[in-house]
Amino acid sequence: QVQLVESGGGLVQAGGSLRLSCAASGRTFSSHVMGWFRQAPGKEREFVAVISWSGESTYYADSVKGRFTISRDNAKNTVYLQMNSLKPEDTAVYYCAAARGRVLSASAPVYDYWGQGTQVTVSS
């Protein structure tokens, strides 16, 4: 069992930055791949980024590549999403997710645990 709590969302102007945090706790935390997804009103859930919890491997959606950075601090049981050069189309509820195993995946069904989400709103 893994519990995830996101924080760091808010309102920001286009071109600005935010850093989201996801605090994780529970059994076998170190064996979980951690990912970020987002969902805007009227749109399907969208993969954003994923990081291996056993190494430094990362993978990003094309829409955020070069602007977002996923990272982790195992000592703090926390994964981060640094979001730079934000655009209005980045507006969404952002969800942290954990998957058992070590395979990086952009597929939501792979993920076993989800946080409650944090709202990110980017104004023009």
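Scanning the stretch 69-88 for residues that are outside any loop (DSSP other than H, G, I, E, B) and touching a helix residue (DSSP H, G or I) at 6+ places or on another chain (Cβ under 8 Å), which turns out surrounded by the most Cβ atoms within 10 Å (Cβ to Cβ)? Only one residue fits best here, namely MET83.
When THR91 is tested against (1) under 20 Å from LEU4 (Cα atoms); (2) open to solvent by 30 Å² or more (accessible area, probe 1.4 Å), exactly one condition is not met: (1). Once the stretch 106-124 is narrowed to residues that are more than 11 Å from MET34 (Cβ to Cβ) and among the hydroxyl-bearing types (Ser, Thr, Tyr), the residue that is surrounded by the most Cβ atoms within 10 Å (Cβ to Cβ) is THR118.
Residues in the stretch 17-38 that are more than 17 Å from ARG72 (Cα to Cα) and either surrounded by fewer than 15 Cβ atoms within 10 Å (Cβ to Cβ) or of a type in the set (Asp, Glu) (or both): SER17, ARG27.
The values are calculated or read from the model by the stated rules, or taken from the named source; none is laboratory data. No experiment lies behind these values; they were computed from the predicted model shown. Note that we place each Cβ from the backbone using ideal geometry, even for glycine, and neighbour counts take in every protein chain shown. Accessible surface is based on the protein model in full, side chains and every heavy atom, while ligands, DNA and RNA are left aside. Shrake-Rupley method; radii C 1.70, N 1.55, O 1.52, S 1.80 Å.
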